[in-house]
Amino acid sequence: MKLFDQQQIKIYNTLSGEKELFKPLNEGYVGMYVCGPTVYSNVHLGNVRTFMSFDMIFRYLKHLGYKVRYVRNITDAGHLENDADVGEDRIAKKARLEEIEPMEVVQRYTVDFHNILNKFNFLPPSIEPTATGHIIEQIEIIKEIINNGFAYEVNGSVYFDVLKYNESKPYGILSKRKVEDLIHNTRALDGQSDKKNPQDFALWKKAEPQHIMRWPSPWSDGFPGWHLECTAMSTKYLGEQFDIHGGGMDLKFPHHECEIAQAEATNNHAPVNYWMHANMLIMNGKKMAKSTGNFILPNEIFSGDNPHITKAYSPSVARFFMLQAHYRSILDFTNDGLLASEKGFFRLIDAINLLDSLKAGNDSSFDINAWQQKCYDAMNDDFNTPIVIANLFEGVKYINQIKDGSATITKNDLIVLKKTMTSFVFDILGLENVSKSETSSEKLSGAVEILIQLRQEARANKDFALSDKIRDELAEAGIQLNDSREGTTFSTN
Ligand SMILES: [Zn+2]
C-alpha cells in the first residue's frame with residue numbers, strides 16, 4: 001500500500017474555486033506542468049516563490065509515492081513586451097541592447113535561473129523543454145485549430161478567433177471573465193492590426209524584416225504566439241489531458257485562459273483537471289519594481305548586499321521564510337520577517353540535530369502518531385505549509401523536553417519522530433541542515449576585526465613576528481588582509 005492511499009490530498013482548483021479531492025487520471029501517476037521563466041533577465045524573486053511552491057508540491061507528491069512527471073518550460077522566444085501581440089520580443093530586445101545573439105541572452109539567463117534554483121535546493125523538473133525546441137509541434141497545433149474553424153490567417157499571421165470559440169465553449173472560464181466585458185475593456189484596434197476583433201490572440205506572427213528570431217511556416221517566416229508553446233509542450237509530454245497545471249497568479253489571464261482555448265479548439269476537451277496558482281510576493285508592503293528601487297535580487301539575499309536587508313541570509317532561511325506563508329497568500333518580504341524566520345529555522349535545525357542523542361524510555365508522554373497525522377493533514381489540506389511548520393515546532397518542543405528529561409518517548413515512537421521530522425523538513429519542505437556558522441558572516445567579520453586590531457598593536461610594539469603570524473595564519477584559513485593607507489580590510493575567498 002502506498003502512502004497516497006492513506007493520505008488524500010485536497011487541492012484548491014482555480015477552475016472551480018473550491019478545494020477538491022485530488023484524483024489523478026492514472027492511479028499512482030501524476031502529470032504536472034508549470035509555466036517556466038522567460039529567460040531575458042535575472043530571475044525575479046516573485047518567480048522564485050512561485051517555482052518554490054511547485055517544488056514543494058512536487059516533493060510532497062513524490063513523498064506520497066506518486067510517480068510524477070513534472071514539466072517546467074523555458075520560454076526562449078515569442079514572449080513580447082507587455083505580454084501583448086505587438087511589440088518587441090523580450091529576448092531579442094535584450095540581445096539588441098547588449099549587442100549579443102538572442103541565444104546568448106537565453107544561455108546567460110537560463111544559467112542564472114538554474115544557479116539560483118540550485119542554491120534554494122530545488123529539485124530539477126523531469127523535463128525542461130524550450131519554446132524554440134518545439135516550433136514544429138506549435139505549427140502542427142495551429143494547422144489543427146485552423147482546420148477546426150477556430151483560427152484565421154491574415155497577411156501571414158494567424159489569430160485565434162475568440163468570438164467563434166465562445167459560441168460553443170466559454171472563453172474566460174478560468175479567470176471568470178465574460179467575453180462581452182472583454183470586448184468592452186479591450187482597446188480599439190489602431191488600424192495597424194490584422195485581427196478581426198481586439199480580444200483575438202496571435203498563434204503565429206509574421207516577422208518584421210528586423211525581427212531576428214524567425215522560423216519558416218505555411219503562413220510566413222515568423223514566430224509562434226506566446227501562449228501556444230505551453231499547449232504544445234504540455235500536450236507532447238503529458239498528453240491531451242493531464243492532472244495539474246500551475247503558474248503564477250498573473251498568468252491566469254490571458255496566458256492560461258488562452259491555453260485552455262487552444263487545447264479545447266484542438267482536442268475538443270479540457271486539457272487540465274486541476275489549475276493551481278501561486279500568489280504574489282511584495283516587499284515592504286509594496287509591489288516589487290526595479291524602477292522604484294523596491295527590489296532585491298535573489299543573490300543579494302545571500303550576500304546581504306542590498307539596502308533593504310541588514311545582513312546576509314542563507315538560502316534555506318529564505319526558503320523557510322517563504323514556506324511560512326501559504327502559497328495562495330500574498331507574501332510580504334521584509335528584513336524583520338527574515339530575521340524572525342532565521343531564529344525559527346535554527347530552532348528547528350538545532351532540535352533535529354539533537355534527535356540522535358535522545359534516549360528512549362518505557363513510555364511516551366506524547367501521542368506521536370496523532371502528531372504525525374496532523375503534519376500530513378496540513379499538507380493534505382492544499383499544501384498548507386504554515387500549519388505544517390507550526391506542527392513541526394510542536395515536535396521541536398517535544399524533542400527539547402525529552403532532552404531535558406521533562407518528557408519521555410519509547411523506542412518505536414522515537415523512530416517515528418525522527419522519520420517525520422527529517423522527511424518533512426528536508427524531503428518535503430526542501431530545507432537543508434546548514435550550521436549557524438555557515439551563515440553568520442557578521443560573527444566572522446567581528447572576529448577578524450579583533451585579529452586585525454591585535455595585529456596593529458603587535459606592529460605598534462614592533463612585534464613583527466606576531467603580526468606576520470596573524471596575517472599568514474588568516475591567509476591559510478582563506479582570509480586575506482589588505483593593508484592600505486586607510487587601514488586594514490579583509491576579504492575571503
Ligand atoms: Zn505557460
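Counting 0.36 nm for each residue step from LEU21 to THR310 and taking away their Cα separation leaves a gain of 99.7 nm. Shape class for the chain, computed from the alpha carbon gyration tensor (a ≥ b ≥ c): oblate, with a/c not under 1.5 and a/b at or below b/c. Note that the stretch 481-488 has calculated 3J(HN,Hα) couplings of 8, 10, 8, 8, 4, 6, x, 10 Hz, one per residue in order, obtained from phi through the Karplus relation 6.51 cos²θ - 1.76 cosθ + 1.60 (θ = phi - 60°); glycine and proline are x.
The HN-Hα couplings worked out from phi for the stretch 406-423 by the Karplus form 6.51 cos²θ - 1.76 cosθ + 1.60 (θ = phi - 60°) are 8, 9, 10, 8, 7, 4, 5, 5, 5, 4, 5, 4, 4, 4, 5, 4, 6, 6 Hz, whole numbers, x standing for Gly and Pro.
The stretch 4-31 and the stretch 96-153 have Cα centres separated by 28 Å. Computed on the stretch 362-437, with alpha-carbon pairs under 8 angstrom and 6+ residues apart, the relative contact order is 37 percent. Net length available on complete extension from ILE330 to THR410 is 24.7 nm, with 0.36 nm assigned per residue and the Cα-Cα distance removed.
Put simply, the convex hull of the Cα atoms in the stretch 10-278 casts, on average, a shadow of 14.0 nm². Placing +1 on each Lys and Arg Cβ and -1 on each Asp and Glu Cβ, with no other charges, gives the chain a dipole about its Cα centre of roughly 840 debye. Across the options GLY149, THR110, LEU97, the greatest Cα extent toward the positive end of the charge dipole of the stretch 74-172 (unit charges at beta carbon of Lys, Arg, Asp, Glu) belongs to THR110. With both labels modelled 7 Å from their Cα along Cα-to-Cβ, the ASN362 to HIS269 distance reads 6.2 nm. Here LYS290 is the anchor, and the lysines within straight C-alpha reach of less than 24 Å, apart from those fewer than 8 places off in the same chain, are LYS93, LYS94, LYS119, LYS252, LYS311.
The stretch between ALA289 and GLN8 holds 97.2 nm of extra length on full extension. This uses 0.36 nm per residue minus the Cα-Cα distance. 3J(HN,Hα) along the stretch 21-37: 5, 7, 10, x, 4, 10, 3, x, 10, 10, x, 9, 10, 10, 5, x, x Hz, from the Karplus curve 6.51 cos²θ - 1.76 cosθ + 1.60 with θ = phi - 60°, whole Hz, x for Gly and Pro. Here the peptides 108-115, 81-88 are ranked by packing, the mean other Cβ count within 10 Å, and the order with the highest first is 108-115, 81-88.
Each residue, ASN482 and LYS176, gets one label point 7 Å from its Cα in the Cβ direction; the gap between the two is 5.6 nm.
Using the beta-carbon distance between THR422 and GLU300 and R0 = 45 Å, what value does 1/(1 + (r/R0)^6) give for FRET efficiency, to the nearest 0.05? The calculated FRET efficiency here is 0.90.
Please state the shape class of the stretch 440-492: rounded when a/c is under 1.5, otherwise prolate if a/b exceeds b/c and oblate if not, all from the C-alpha gyration tensor. Note, shape of the stretch 440-492 comes out prolate. Amide H contacts of VAL39 (H built 1.01 Å from N, in plane; Pro and chain starts excluded): THR75 sit under 5 Å, all sequence-distant by 5 or more or on other chains. With all distinct Cα pairs included, what does the Kirkwood hydrodynamic radius of the stretch 362-438 come out to in Å, to one decimal, could you say? That comes to 13.1 Å for the stretch 362-438.
The numbers here are math on the coordinates, done by the rules we state, and not lab data. Computed from a prediction, not measured in an experiment: that's the story for all the values here. Please note: Cβ atoms are built from the backbone with ideal geometry, for glycine as well, and neighbour counts cover all protein chains shown.
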